1. Looking only at segment 44-59, count how many residues are loosely packed, with under 15 Cβ neighbours inside 10 Å and free of Cβ contacts under 8 Å to residues at least 40 places away in the same chain.
2. Does segment 126-140 include one or more residues that are among the acidic types (Asp, Glu) and closer than 22 Å to residue 34 by Cβ?
3. Quick check on segment 136-158: of everything there that is surrounded by 12 or more Cβ atoms within 10 Å (Cβ to Cβ) and among the aliphatic types (A, V, I, L, M), which residue is farthest from the chain's Cα centre (by Cα)?
4. Tell me which residues, restricted to segment 61-89, are outside any helix (DSSP H, G or I), touching a residue at least 40 places away in the same chain (Cβ under 8 Å) and of a type in the set (Val, Ile, Thr).
5. Filter segment 33-64 down to the residues that are under 19 Å from residue 78 (Cβ atoms), within 18 Å of the chain's Cα centre (by Cα) and among the hydrophobic types (A, V, I, L, M, F, W, C) and list them by number.
6. Scan 118, 126, 91 and give me the residue that is out of contact with any strand residue (DSSP E or B) (no Cβ under 8 Å at 6 or more places or on another chain) and surrounded by 14 or more Cβ atoms within 10 Å (Cβ to Cβ).
Amino acid sequence: MQLASPSPVMLALSINQLLVGLGRWRRATFGLIRQWQNERRYSGAPGVVTARIHSQYLGLGAHLFMATVVLHRAEREGRRVRFEFTSPQYGAGNWLPHLYCQPTDQSGLASSPPVMIGAWSDFSRGFRRQPKRNRDELATLLRRQFSPAPPIAEAVESFATRYFGPPVLGVHYRGTDNGPKPVAWTKRKWRRRSVPRSRAGLS
């Protein structure tokens, strides 16, 4: 009995499934390697732990939220942390000092190489074993570590003095911090595409 040859469509689907599977295996493998490296770098740091957050897909809020994960563990273990934010969409090199000052900027021996965080999967179990925190506790952690850089604090104070007065309505518009056009994110592909201004309600 002669078996029927697979159709081109079936072959294409099979190859696609194989590639998807290989991609998932590759991401999982590299994720485990990164977790192992980060655990060694954190545990072996001789003084102040350096944690570098670098991802072209994350906004500033996500950078700070990831920082709280590191700060939770450091607080529990009595360690000090110095952060570097190097994601390219906000500037070249470590742009964090342009926005915030840290108590560890001028103290202690920083670890080398740094703990590298580019995705949530880069956190090892040592970072994930933490109690849940409420909003006030998260805010306290961040305020201890980050304070606005003097030029920014002065600009904010000057603006508030000039324009604020009861009542004040604040509007936070998302989507144009990284480019001139509104941006839509596709969750599955992590690809960025421009949205026509008419669809964004800006025309």
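The numbers here are math on the coordinates, done by the rules we state, and not lab data. What you are looking at is a predicted structure, and each value in this text was computed from that prediction instead of being measured. Here the Cβ is made from the backbone with ideal geometry for all residues, glycine too, and neighbour counts use every protein chain on show.
1. Count: 1.
2. no
3. 155
4. 81
5. Scanning segment 33-64 gives 49, 51.
6. Answer to the check: 126.
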